[in-house]
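S.K.: Provided herewith is a single structure, encoded as structure tokens, for subsequent inquiry.
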Number of protein chains: 2
Amino acid sequence: MQDSEHIIICENPSINDVIAKLNEAFNERRTTIIVGSCRVDYHGRASSKLEYGERIVIIKEDGSVLVHRSKGYEPVNWQPSGCVLQALKDNDELIIKATKRNPSETVTIFFDRVYLLSIFKLIDEGKFSLYASEEDMQRAILIEPTLIEEGFKPIDYERKVEPGFIDIYGVDKNGRMVVVEIKRRTANKEAVLQLAKYVEYLRKDLSREVRGILAAPDISREANHLLLSLKLEFRRVDPKKCFKILKKNRVRKITDFFK
Amino acid sequence: MQDSEHIIICENPSINDVIAKLNEAFNERRTTIIVGSCRVDYHGRASSKLEYGERIVIIKEDGSVLVHRSKGYEPVNWQPSGCVLQALKDNDELIIKATKRNPSETVTIFFDRVYLLSIFKLIDEGKFSLYASEEDMQRAILIEPTLIEEGFKPIDYERKVEPGFIDIYGVDKNGRMVVVEIKRRTANKEAVLQLAKYVEYLRKDLSREVRGILAAPDISREANHLLLSLKLEFRRVDPKKCFKILKKNRVRKITDFFK
DNA sequence: GCCTAGGTCCCGTAC
DNA sequence: GTACGGGGCCTAGGC
């Protein structure tokens, strides 16, 4: 729980005050929220310029930086975790520099007004669990291979071959090799091409027949056309149904399967 | 600028207080920041569960919702813009529901403690511009010379001549010499004079016709006047397009490998 | 370090 | 509306 000493909330703080508190926050790896009027420069893989306006800036304890406008999911400027932070004063403005290597990038935020500065030591050990992801579908198919077809026997998953990673491969009831590409959304042309890439490679490499099956909740018309012309197959698989299968088999872990 | 009436900052507010203020904020499309201890459920394309922990929640005026942990660029849970918001009380907890159609999704946030509630009417008309660097533009033109004109063939770049470095020079489809000066922002008179300097030098040095082309996203009126009087040319080149050409080229090289 | 691939991707754009 | 591609994508995992 937050002690009062772990919380700083300042309304309309002076620039000098903000700078002092920020540098302390950076040192002690606190999470910081700044609301105020600012402009932002970015230089790195591209360059950008954002003119003055009122925004929310979040600086996290791992050094990630987010500049949020009043609309939209995405930050207008940002820096991923691991950047070096610096707060300084120039021309009566608060300047926050966030610098990163690899790729070498800099975000510089110029505040001419700060309405709110707040600094926290956030304690967050809560576990995050995601269900009905592609990984869930993969695990469900390994547990219940009839989701693909009767007689399908998986041999391995996430297998690295020359062009990339094969989601699942195995053999069908007639002993033919089967490559399965899984998508958790409506499969598009790209997904078909991905599958085709693996099938093509394995056909050449093994000099034997290889079936390619795209497993997804749906497939777009164009993707289906492409799929058929490439003599690949589609199998409708529902991510939620996969999740239900996993719930039934909760104890078994993915790695147990092949032991 | 923020009037005091446009700003609400409450430290350790009561749940009832938060609910009242939130519903008003939702109605009046304010931007809201809540810091406190919460858990989060998500149901939609997938499902997720996040256990209790201290987090930052941002609710924007367009109905987008972000739940941020103390680390990382990405929100742990979110809702893109256009969702319906609701704040209510249950079991002494503050519940915020954000519901969206197409796809049908719900994020529910349960707060058992609120440390900070702040509500703003953010005024932000600042223009955002994304640029490629001048070097990026140069590389894009070398890869795709038709950005200058049909039939242009670059010969060299960053070539040192008496007055300085020529960005790119080459020949046009008629075999005439072409000097290209690149600017990543609206070109001004200085840019025109820089180009004129190179062209002048080469005309004298080589005793042959030399075309001068200024490549930039835009040109100022005065600079254009000067350009025309000096019988130089302007070619509009979009930095974003350059950036895309570079990206595509990078991808193409990788995918070529598998063809 | 590079490369591969997924994402509740989001977002714009073309059809 | 659906489909497709791009992103400063970010992030995780393998080599």
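S.K.: Out of everything in segment B:30-67 that is basic (Lys, Arg) and closer than 14 Å to residue B:120 by Cβ, what residue ends up being farthest from the other protein chains (Cβ to nearest Cβ)?
M.R.: B:30
S.K.: Report, ordered by the first and then the second residue, all pairs with beta carbons closer than 6 Å, sequence separation of six or more or different chains, a first member in segment A:188-208 that is under 13 Å from residue A:219 (Cβ atoms), and a second member that is away from DNA strand D (no atom under 16 Å from the Cβ) and of a type outside the set (S, T, N, Q).
M.R.: Listed pairs, sorted by first residue: A:195/A:212.
S.K.: Just the residues that are polar (S, T, N, Q), touching a Lys or Arg at 6+ places or on another chain (Cβ under 7 Å) and away from chain A (no Cβ under 12 Å), please, taken from segment B:106-164.
M.R.: B:106, B:108
S.K.: Now a separate question. Just to be sure, is residue A:76 buried (at least 22 other Cβ atoms within 10 Å of the Cβ) and either free of Cβ contacts under 8 Å to residues at least 40 places away in the same chain or more than 9 Å from chain B (Cβ to nearest Cβ) (or both)?
M.R.: No; evaluated as a whole, the condition is false for this residue.
S.K.: Would you confirm whether or not segment A:178-192 contains a residue that is at pLDDT below 95 and in contact with a strand residue (DSSP E or B) (Cβ under 6 Å, 6 or more places away or on another chain)?
M.R.: no
S.K.: Also, quick follow-up: May I ask you to list the residues in segment B:64-89 that are at pLDDT below 95 and more than 9 Å from DNA strand C (Cβ to nearest atom)?
M.R.: B:83
S.K.: Shifting gears a bit: Looking at A:181, A:150, which is the one that is acidic (Asp, Glu) and surrounded by fewer than 20 Cβ atoms within 10 Å (Cβ to Cβ)?
M.R.: That would be A:150, the only listed residue that is acidic (Asp, Glu) and surrounded by fewer than 20 Cβ atoms within 10 Å (Cβ to Cβ).
S.K.: Filter segment B:80-101 for residues that are within 14 Å of chain A (Cβ to nearest Cβ) and within 16 Å of DNA strand D (Cβ to nearest atom); which is farthest from residue A:129 (Cα to Cα)?
M.R.: Across segment B:80-101, the extreme among qualifying residues is B:82.
S.K.: For segment B:1-29, which positions are within 7 Å of chain A (Cβ to nearest Cβ), assigned to a strand (DSSP E or B) and not acidic (Asp, Glu)?
M.R.: Within segment B:1-29, B:7, B:9 qualify.
S.K.: Further question on the same structure: Out of the residues in segment B:216-234 that are over 21 Å from the mean Cα position of the chain (by Cα) and modelled with pLDDT under 90, which is nearest to residue B:145 (Cα to Cα)?
M.R.: So the residue we want is B:219.
S.K.: For segment B:72-79, check the following and say yes or no: at least one residue is closer than 22 Å to residue A:71 by Cα, of a type in the set (Val, Ile, Thr) and more than 27 Å from the chain's Cα centre (by Cα).
M.R.: The answer is no, given that none of the residues of segment B:72-79 is closer than 22 Å to residue A:71 by Cα, of a type in the set (Val, Ile, Thr) and more than 27 Å from the chain's Cα centre (by Cα).
S.K.: Of all residues in segment B:5-38, which are surrounded by fewer than 18 Cβ atoms within 10 Å (Cβ to Cβ) and either within 15 Å of DNA strand C (Cβ to nearest atom) or within 27 Å of the chain's Cα centre (by Cα) (or both)?
M.R.: Matches in segment B:5-38: B:29 only.
S.K.: Which of the following residues is closer than 30 Å to residue A:11 by Cβ and either away from DNA strand C (no atom under 13 Å from the Cβ) or touching a Phe, Trp or Tyr at 6+ places or on another chain (Cβ under 8 Å) (or both): A:136, A:124, A:156?
M.R.: A:124
S.K.: So which residues in segment A:241-259 are modelled with pLDDT of 90 or more and either more than 14 Å from chain B (Cβ to nearest Cβ) or more than 11 Å from residue A:139 (Cα to Cα) (or both), if there are any at all?
M.R.: Result: A:241, A:244, A:245.
The values are calculated or read from the model by the stated rules, or taken from the named source; none is laboratory data. Small disclaimer: the values here were computed from a predicted structure and weren't measured. All Cβ positions, even for glycine, are placed from backbone atoms using ideal geometry, and neighbour counts span all protein chains on display.
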